[in-house]
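J.: Can you read through this structure? Questions will come right after.
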Amino acid sequence: MAIREFSAGRERRGIVCIGWELTDAERKLLQDREFKLLPSTLAKVLDPEQLVITDSIIIAQDPDKPARILQELEPLAPTLLDYDCRVYVRVASNTTLQGSGRTIVVNALSTIGLPVAGLSPQELQMMPSTLRERDGNPLAPFVYVCGAALDLNGILQIVQYNPGGQRPSTDLRIHVFDPDGQGIKLSTVKEILLRRAFADCQEMRLHQLPAGLSGVMVFRAHANPAAGLHSDWPMAYLVKIGDRKKIATEYEKYQEHALLYIPFELAPRLILARCGLGAREGIIVGDFIDQSEPLWRAAHNDRGARAVGHLFTRTLRAWRHAALPDIGRTLPEALADLFPETIPSHREPLIRPLGAKLNLIQLRELLSRCDSKPVLTGTIHGDLNAGNVLVRNGEAILIDFEQLKEGRPLVYDAASVEAALLVEGFQKDSRDIHTILKSIESLYATRDFFELKKPCHPSDDSAWFYDCVHEVRIHAGPLQLGPNQYGTALALALIKKSCNPYQFNDKRDQLRALAYVLAERILRVMHSRDDEVPK
């Protein structure tokens, strides 16, 4: 399964065979199938002029020197996959070394760190988790392991139905700028991915957006087509380039989960013809959500509460309507894998001065006391930070579906919005952290999160936060099927925010420390009538 089909028909007809002495009949077979046999020396295979016409490379494992497959694959396979060529390894049937040839091939691919197809479930478990995609069925391109019984005709049948992707353009002119407008140089692999994705263009400009926490590079891009209607004002694209598994995961979540249920105008659509993967990196191209702003910024301009309401009543409506009660798990059990293991060393000194008394183990014990059932579960976004909710004309638009999850408590998404508004919404607030805490602490001093609180005076700099929190809780109420479920989800969301390992070196570190303190207060208040709270 390819991540994209850029153009109809097969542009590449070149085949490289290594370690395979072709007979006259096999050469004729290539000719009859309209493939051209290309030179197989290392220099020729990696020559960019040959790479752009290479469809596939077939490497036959040497039965006398089966371990040499590692040395043959290592310099070739990563570059070939980056150029969207197909790589096939034919396993030797008999080897002179201990262990099967197939095991040697699988170990070699694991050592190099390449995506692999054609493995059994047992072989798949031998691969590192970072190389396992889509339950063992990775998106193309990948290295395909062929059994020893498969002859050239059988391999060519696979090749015929799995063509190499769009070849990268050597003529595309690329200009890249950092968030400050300074020109930067991308790595060779990233440039190849761009040349593949925009092979039909003659020039493009990419402006890097401020980095998030996922580790991928994000750009606003403008590309001028090489043919057709020309314009000095080309459409804006959102381009993300980074770790292959993260890109592949987000692509899958977009296409096979999120976009089937979210209204067309409320999430960016991927441009499938421009999305692609390489050996270790990938690229996603989609619509750029123009004339929008992140939720935390809209909230400061009295547009946040309306957008929060739209998020739950319109954007997430299908997921809410499809949710079902889970009578078998408590909320802490359904979210157990989200609880962090440690507090970052740079943040812990900020937490204690704000009044925190309990460690993570004690907080987890308090969290586990929420044993109410059933729990309303279904599809959740999983990362509803205030930057992944964009606001335009009062509508809430969702982006970044990498952490989308099925069968999770819906109340957690609501809690994530409130937690995100806290740690992101006050980042430009000039008040000290103790003053901010005092101004919002009444929101976290009750067991009943859905009790109407006294509004914050509009002259207070925290008034926007009260408005948004009230709106979140209005919509979170129906998602709670038992006592303390929203409070527990909110405490967990705040703890998770507080333990994010990224060091911001600005007020956001203090706000994440504040999140820990509020999580502790929530849990203490909720369980104040239970057994004695841990000291």
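Values quoted throughout were computed directly from the atomic coordinates according to the rules given, and no laboratory measurement underlies them. What you see is a predicted model; the values in this text were computed from it and never measured. Cβ coordinates were reconstructed from backbone atoms using ideal geometry, including for glycine residues, and neighbour counts include every protein chain displayed.
J.: Quick check: from the Cα gyration tensor, does region 45-145 come out rounded (a/c under 1.5), prolate or oblate? Don't skip to the answer; put the middle values down first.
T.: Working: a/c = 2.10, a/b = 1.18, b/c = 1.78.
Taking the square roots of the gyration eigenvalues as a ≥ b ≥ c, region 45-145 is oblate.
J.: Also, quick follow-up: Structure shown: which of 438/497; 357/507; 246/405; 438/496; 190/496 lie over 24 Å apart, alpha-carbon to alpha-carbon? Please list the in-between numbers first.
T.: Numbers: 438/497 20 Å; 357/507 22 Å; 246/405 14 Å; 438/496 22 Å; 190/496 32 Å.
Beyond 24 Å: 190/496.
J.: Let me ask something else about it. Order by neighbour count: 422, 479, fewest other Cβ atoms within 10 Å first, most last.
T.: Neighbour counts put them in this order, fewest first: 479, 422.
J.: Order these by the 10 Å Cβ neighbour count, fewest first: 473, 269, 280.
T.: Details: 473 22, 269 12, 280 19.
Fewest to most other Cβ atoms nearby, the residues stand as 269, 280, 473.
J.: Only helices at least 24 Å long along their own axis, judged from Cα atoms, and with Kyte-Doolittle mean hydropathy of -1.0 or greater: name those in the chain from DSSP H. It would help to have the intermediate numbers written out before the result.
T.: On the way: long enough: 507-526 (28 Å, 0.09).
In the chain, the long hydrophobic H runs are 507-526.
J.: Neighbour counts of other C-beta atoms within 10 Å: give me 400, 432, 180, 326 arranged from fewest to most.
T.: Working: 400 25, 432 11, 180 7, 326 20.
Arranged by neighbour count, lowest to highest, 400, 432, 180, 326 become 180, 432, 326, 400.
J.: State the percent of C-alpha pairs, over all pairs in the chain, separated by a distance greater than 32 angstrom. Walk me through the numbers on the way to the answer.
T.: Working: 74662 of 142845 pairs.
Pairs farther apart than 32 Å: 52 percent.
J.: So, one more: With N set to the residue count of region 100-143, report its C-alpha Rg divided by 2.2 N^0.38 Å to two decimal places. Provide the component values of the computation, followed by the final result.
T.: On the way: Rg = 9.4 Å, N = 44, 2.2 N^0.38 = 9.3 Å.
Against the compact-globule rule of thumb, the ratio is 1.01.
J.: Under the classification rounded if a/c is under 1.5, otherwise prolate if a/b is larger than b/c and oblate if not, where does region 293-526 fall, given a ≥ b ≥ c as square roots of the Cα gyration tensor eigenvalues? Numbers along the way, then the final one.
T.: On the way: a/c = 1.43, a/b = 1.07, b/c = 1.33.
Because its axes are fairly even, with a/c under 1.5, region 293-526 counts as rounded.
J.: Going Cα to Cα from residue 44, which lysines come in below 18 Å? Please leave out same-chain ones fewer than 8 positions away.
T.: Hits, sequence-local ones excluded: 36.
J.: Classify region 294-410 from the C-alpha gyration tensor, please: rounded if a/c falls under 1.5, else prolate or oblate depending on whether a/b exceeds b/c.
T.: The shape class here is oblate.
J.: How would you order 334-346, 163-175 from highest to lowest mean count of nearby Cβ atoms within 10 Å?
T.: Numbers: 334-346: 14.6, 163-175: 18.2.
Ranked by mean Cβ neighbours within 10 Å, highest first: 163-175, 334-346.
J.: Something else about it: For region 173-287, count the residues as N, evaluate 2.2 N^0.38 Å, and divide the Cα radius of gyration by that value, please.
T.: After normalising by residue count via 2.2 N^0.38 Å, the value is 1.05.
J.: Give the long-range amide H neighbours of residue 57: residues separated by 5 or more places, or on another chain, with amide H under 5 Å away, using H modelled in the peptide plane at 1.01 Å from N.
T.: 16, 86, 87, 88
J.: Same structure, new question: Could you tell me the distance between the Cα centroids of region 304-333 and region 400-414, to the nearest Å?
T.: If we compute the Cα centre of each part, the gap is 9 Å.
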